[in-house]
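What follows is one structure encoded as structure tokens, with my remarks underneath.
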Amino acid sequence: MSHISPVLWQFLVKWLTNFALFPPEASKIAPESDALFFFMVLVSLVGLTIVILLVAGFSILYRKERHPKAVQIEGSTLLEATWTIIPLGLFLIMFVWGALLYFRIYTPPANAMNIYVVGKQWMWKVEHPGGQHEINSLHVPVNEPVQLTLISQDVFHSFSIPAFRVKREAIPGRYTTMWFEADKVGTYHLFCTQYCGTNHSQMIGQVVVMSPDDFKQWLADSTSGASLAQNGERLFSSLSCNACHNTRPDARGPSLVGVYGSQLRLANGQTVTVDDGYLRQAILDPSEHVTEGYVPIMPTYQGQISEDGVIDLVEYIRNLSSGYRLQQTLNTTELPPGSEGTAAGPAPAAEVKQ
Amino acid sequence: MSAATIVTLPDQSTARIPKMNFLTKENGLLSWLLTGDHKRIATLYLISITFFFFIGGALAGLIRLELLTPQSDLMAADTYNKVFTMHGIIMIFFFLVPSVPATLGNFLIPMMIGAKDLALPKVNLLSWYLYMAAGIIAIYAMMSGGVDTGWTFTTPLSTHYVNTHVITTGMAVFIAGFSSIFTGLNFIVTLHKMRCPGMTWFRLPLFCWANYAASILMVLGTPVLAITIVLVALERTIGIGVFDPAKGGDPLLFQHLFWFYSHPAVYIMILPGMGVISEVISTFSRKRVFGYTAVAFSSVAIAVFGFFVWAHHMFIMGISNYAALVFSLLTMLVAVPSAIKIFNWAFTLYNGSITFETPMLYAFGFMGLFTIGGMTGVFLGATGTDIHLTETYFIVAHFHFVMVGGMLMAFLSGIHFWWPKWTGRMYPEKISQLAAVVTFIGFNFTFFPQFILGVLGMPRRYAAYPPEFQVLNVFSTAGATILGVGYLLPILYLTWSLKYGAIAGNNPWQATGLEWQTQSPPLTENFIETPIMDHEAYDYEWLERKQAQEVASV
């Protein structure tokens with residue numbers, strides 16, 4: 001082997017060891033997505049073969065040497081109908097199959113655990129409900145459905161995990177969701193696939209799929225001290241949301257207890273389902289989202305809360321299942337905001353609850 | 001392969017280029033710059049788009065060189081972003097959109113319908129000046145620092161987050177758009193009003209049908225692009241907030257508007273190319289195009305359906321699932337007319353008498369590559385698989401198979417086919433056949449590995465990538481060098497042929513179109529007397545009878 005050029009040698013070695021042709025299938029949906037993909041590859045190959053055979057075959061049979069005089073033919077309705085209807089049928093099969101897959105990929109199951117992801121130039125910030133933050137990586141448990149709620153703080157980004165065959169755009173000003181159920185422990189690529197400026201190609205990271213026990217351990221080791229809801233609670237009182245949104249009978253704003261997931265009639269007559277996206281809009285653009293029976297006095301919080309802060313608030317309201325918590329928050333606002341008895345809390349001196 | 005050929009050249013010892021023709025009628029720079037002759041304007045366009053093609057091609061070369069290694073080492077990431085942005089803008093707005101319509105269409109449509117010129121010669125010249133003004137502004141933007149938004153100008157990146165020459169480049173695209181609107185308008189008026197006696201709609205060569213369909217798209221679609229660019233400029237300068245969520249705007253609205261033009265734009269680019277293929281396949285198999293009416297109407301069908309599929313660029317962007325459903329279905333429907341065309345061309349060969357001159361080789365290349373490009377479009381049109389494949393190299397490969405493998409092959413096929421008519425001289429056959437084969441091989445080497453990269457998930461517009469993708473990228477770059485040779489060869493031998501090529505005579509390919517029944521290069525007025533169309537398009541028996549008569553009368 002000594003006479004092979006080292007460059008060529010290295011190329012051959014690289015070829016043999018580092019040459020990927022197909023991405024790993026690491027989620028429940030991946031084999032389903034690949035099934036349709038391979039069906040399409042098969043149809044394409046058959047179609048391409050037919051075209052090549054026709055062109056090559058006719059070129060041999062009817063080349064000028066063999067067939068000096070062309071025979072004029074107008075066309076053939078039957079043949080033309082054939083190659084209209086068969087491709088149409090195949091395309092419609094792909095359409096239906098693709099649509100079924102699409103609805104499955106973009107409809108999260110009700111029991112999925114939710115993780116928030118904020119995209120910003122040029123990193124992904126992942127926020128677990130328990131308050132664990134990660135940058136450019138995402139830790140998830142294996143065999144458990146995970147829903148991601150995505151938003152961008154600046155430009156369009158796109159959250160892509162090729163090994164799971166899922167991808168979703170992170171859009172400024174609007175939540176989007178995606179979900180997956182990883183089924184193989186391992187580390188996979190995470191890419192931003194929507195061009196987002198200078199360091200677009202550095203906006204990459206890894207998705208770490210862990211066994212449930214490892215994941216629990218990881219959550220415990222990575223805690224930041226306060227859950228998103230707890231952060232939200234603090235924000236709720238520091239922005240004086242509870243001055244109006246309390247459970248008192250004379251409250252100027254609607255009670256937020258149990259509002260998440262409910263049907264709400266608005267002042268303009270619309271009925272909406274309260275979800276993350278609605279709450280976000282109601283906080284940032286309140287005059288367009290007034291609950292029936294209330295007056296539009298809420299000021300906008302546009303520009304005053306970061307996307308992370310909005311997520312905290314949404315997570316707080318989402319978990320607000322009884323007025324008791326709200327009362328607690330209300331009582332503590334007369335005093336400095338309290339921490340929830342966690343080690344890393346900012347103001348342990350303010351332990352006034354109960 | 002033996003050299004059975006259809007080429008019939010006049011006796012070279014006595015043949016001369018006609019003294020009086022559109023190239024020699026007047027001399028001097030001004031006679032070109034102030035001309036109203038569609039053939040001269042087409043020549044101006046041909047020179048200019050070739051110039052822009054080589055700028056765009058050089059930028060593509062830089063992209064491929066950078067991607068030879070996984071790190072971003074040849075250029076800084078910012079530079080890379082500017083390079084691929086300018087590659088896209090120049091290739092799309094300054095090469096692909098005007099390529100066939102403004103050169104071949106401009107040159108041929110009046111001759112094909114037996115007219116003296118386009119209906120609005122001054123508008124035609126204005127369109128070239130707008131094109132050049134736009135091109136100069138684009139090059140100025142590139143030289144003075146460039147722009148790094150990607151050719152799609154996606155908001156809010158383009159409006160709030162970059163400080164490069166977005167408005168200058170936007171202005172270039174805006175002006176180029178008007179050039180394209182004027183070309184389209186001119187073709188529509190000409191095809192309605194200037195057809196010679198006997199030239200009914202269904203006697204038109206299919207090239208005219210294809211350009212007519214593309215013209216409708218230009219006239220109806222391009223204004224939307226213009227509006228969108230103005231909105232981006234206003235957003236950048238005075239912050240009107242249409243696309244800004246903080247002011248109640250919708251950033252997705254930009255993409256709806258942009259793709260409302262830019263999806264039909266791909267049909268603006270490909271339809272005229274399909275027209276070229278119809279002419280070439282018919283001529284070199286000596287047969288009427290199989291199912292003329294179906295091919296003609298499939299062009300119109302593509303143009304009509306083409307307007308209602310734009311949101312298939314946005315399946316993963318959070319449009320409603322049901323909207324995705326509708327746009328996916330319509331996308332499947334627009335794929336059908338393309339399939340019809342491919343099979344009709346294949347069956348045009350059936351029972352023909354086929355020869356394999358250069359234009360035909362390019363046309364065969366088109367059919368193979370366009371089939372792959374079209375089928376992979378279906379992968380992206382089906383919502384479920386689009387999620388995984390979109391925004392990766394799969395889409396880059398798909399687009400280049402359709403645009404470079406399809407459109408550029410068709411353009412080169414057309415340039416070779418009508419070169420004798422345009423210049424009066426033949427290009428050297430052997431080396432041009434070689435160029436066609438080299439282009440085909442180089443093309444597949446360059447772009448096929450990108451499909452695999454896309455399936456692996458490699459995102460597009462990345463200056464750096466994970467090392468396991470390197471081997472395929474090396475293949476792609478190697479192929480690009482071969483492709484580069486394939487594109488340089490025609491420039492060399494076509495230029496050579498201007499002086500040394502064999503005299504072509506009126507009709508070297510024995511083709512039936514009216515443009516072939518006049519001298520090469522044609523007179524400024526195209527025909528000595530207004531022709532009368534007394535036969536169907538592609539009537540080779542009529543041509544034989546006519547030639548027999550000419551021989552008898554001599």
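The rows are residues; the columns are (1) part of a helix (DSSP H, G or I); (2) within 14 Å of chain A (Cβ to nearest Cβ); (3) crowded, with 21+ Cβ neighbours inside 10 Å; (4) β-branched (Val, Ile, Thr).
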position: B:Thr35; (1), (2), (3), (4): no, no, yes, yes
position: B:Arg40; (1), (2), (3), (4): yes, no, yes, no
position: B:Ile47; (1), (2), (3), (4): yes, no, no, yes
position: B:Gly61; (1), (2), (3), (4): yes, no, no, no
position: B:Asn81; (1), (2), (3), (4): yes, yes, yes, no
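Using the structure shown, decide if A:Val41 is at pLDDT 95 or above, at the interface with chain B (Cβ under 9 Å from one of its Cβ atoms) and either farther than 22 Å from A:Phe91 by Cα or in a helix (DSSP H, G or I) (or both).
yes
Since A:Thr49 meets every condition but one in (1) out of contact with any Lys or Arg (no Cβ under 8 Å at 6 or more places or on another chain); (2) more than 9 Å from chain B (Cβ to nearest Cβ); (3) modelled with pLDDT under 95, which condition does it not meet?
Failing condition for A:Thr49: (3).
Just wondering, is there one or more residues in the range B:228-235 that are within 12 Å of chain A (Cβ to nearest Cβ), in contact (Cβ under 8 Å) with a residue 12 or more places away in the chain, surrounded by fewer than 21 Cβ atoms within 10 Å (Cβ to Cβ) and over 26 Å from B:Phe411 (Cβ atoms)?
Looking through the range B:228-235, none of the residues is within 12 Å of chain A (Cβ to nearest Cβ), in contact (Cβ under 8 Å) with a residue 12 or more places away in the chain, surrounded by fewer than 21 Cβ atoms within 10 Å (Cβ to Cβ) and over 26 Å from B:Phe411 (Cβ atoms).
Might you check whether a residue that is assigned to a loop (DSSP other than H, G, I, E, B), crowded, with 17+ Cβ neighbours inside 10 Å and within 14 Å of chain A (Cβ to nearest Cβ) occurs anywhere in the range B:493-509?
Scanning the range B:493-509, I find at least one residue that is assigned to a loop (DSSP other than H, G, I, E, B), crowded, with 17+ Cβ neighbours inside 10 Å and within 14 Å of chain A (Cβ to nearest Cβ), so the answer is yes.
Considering the range A:150-162 alone, what residues qualify as being in contact (Cβ under 8 Å) with a residue 60 or more places away in the chain and surrounded by fewer than 24 Cβ atoms within 10 Å (Cβ to Cβ)?
A:Gln153
Of the conditions (1) surrounded by fewer than 20 Cβ atoms within 10 Å (Cβ to Cβ); (2) of a type in the set (A, V, I, L, M, F, W, C); (3) in contact with a Gly (Cβ under 8 Å, 6 or more places away or on another chain); (4) touching a residue at least 60 places away in the same chain (Cβ under 8 Å), A:Ile105 satisfies every one except a single condition; which number is it?
Condition (1) is where A:Ile105 drops out.
Just the residues that are surrounded by fewer than 16 Cβ atoms within 10 Å (Cβ to Cβ) and hydrophobic (A, V, I, L, M, F, W, C), please, taken from the range A:267-318.
A:Ala267, A:Val295, A:Ile297
Which of the residues spanning the range B:116-145 are buried (at least 18 other Cβ atoms within 10 Å of the Cβ), small (Gly, Ala, Ser) and in a loop (DSSP other than H, G, I, E, B)?
Answer for the range B:116-145, where residues must be buried (at least 18 other Cβ atoms within 10 Å of the Cβ), small (Gly, Ala, Ser) and in a loop (DSSP other than H, G, I, E, B): just B:Ala119.
Please state which of the following conditions B:Pro98 fails to meet, knowing it meets all the rest: (1) within 14 Å of chain A (Cβ to nearest Cβ); (2) touching a residue at least 12 places away in the same chain (Cβ under 8 Å).
(1)
Pick from the range A:177-187 the residues that are buried (at least 21 other Cβ atoms within 10 Å of the Cβ) and not small (Gly, Ala, Ser): which of them is nearest to the other protein chains (Cβ to nearest Cβ)?
A:Met178
Got a sec? Which of B:Gly406, B:Gly373, B:Gly306 is free of Cβ contacts under 8 Å to residues at least 40 places away in the same chain, among the small types (Gly, Ala, Ser) and closer than 23 Å to A:Leu88 by Cα?
B:Gly373
What number of residues in the range A:66-78 are surrounded by 13 or more Cβ atoms within 10 Å (Cβ to Cβ) and either facing chain B (nearest Cβ under 7 Å) or at pLDDT 95 or above (or both)?
Adding up the residues that qualify gives 5.
Okay, residues lined up against (1) within 8 Å of chain B (Cβ to nearest Cβ); (2) among the aromatic types (Phe, Trp, Tyr):
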| position | (1), (2) |
| --- | --- |
| A:Leu92 | yes, no |
| A:Leu101 | yes, no |
| A:Tyr116 | no, yes |
| A:His133 | no, no |
| A:Gln147 | no, no |
| A:Asp154 | yes, no |
| A:Ser160 | yes, no |
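Could you please find all residues in the range B:146-166 being under 21 Å from B:Ala463 (Cα atoms) and not in a loop (DSSP other than H, G, I, E, B)?
Listed by number, the residues that qualify are B:Leu157, B:Ser158, B:Tyr161, B:Val166.
Inside the range B:453-478, can you point out the residues that are of a type in the set (Val, Ile, Thr) and either on the phi > 0 side of the Ramachandran plot or within 8 Å of chain A (Cβ to nearest Cβ) (or both)?
The answer is B:Val455, B:Val471, B:Val474.
The values are calculated or read from the model by the stated rules, or taken from the named source; none is laboratory data. Just so it is clear, the model here is predicted, and its values are computed rather than measured. Heads up, the Cβs are rebuilt from the backbone with ideal geometry, glycines too, and the neighbour counts pull from every protein chain shown.
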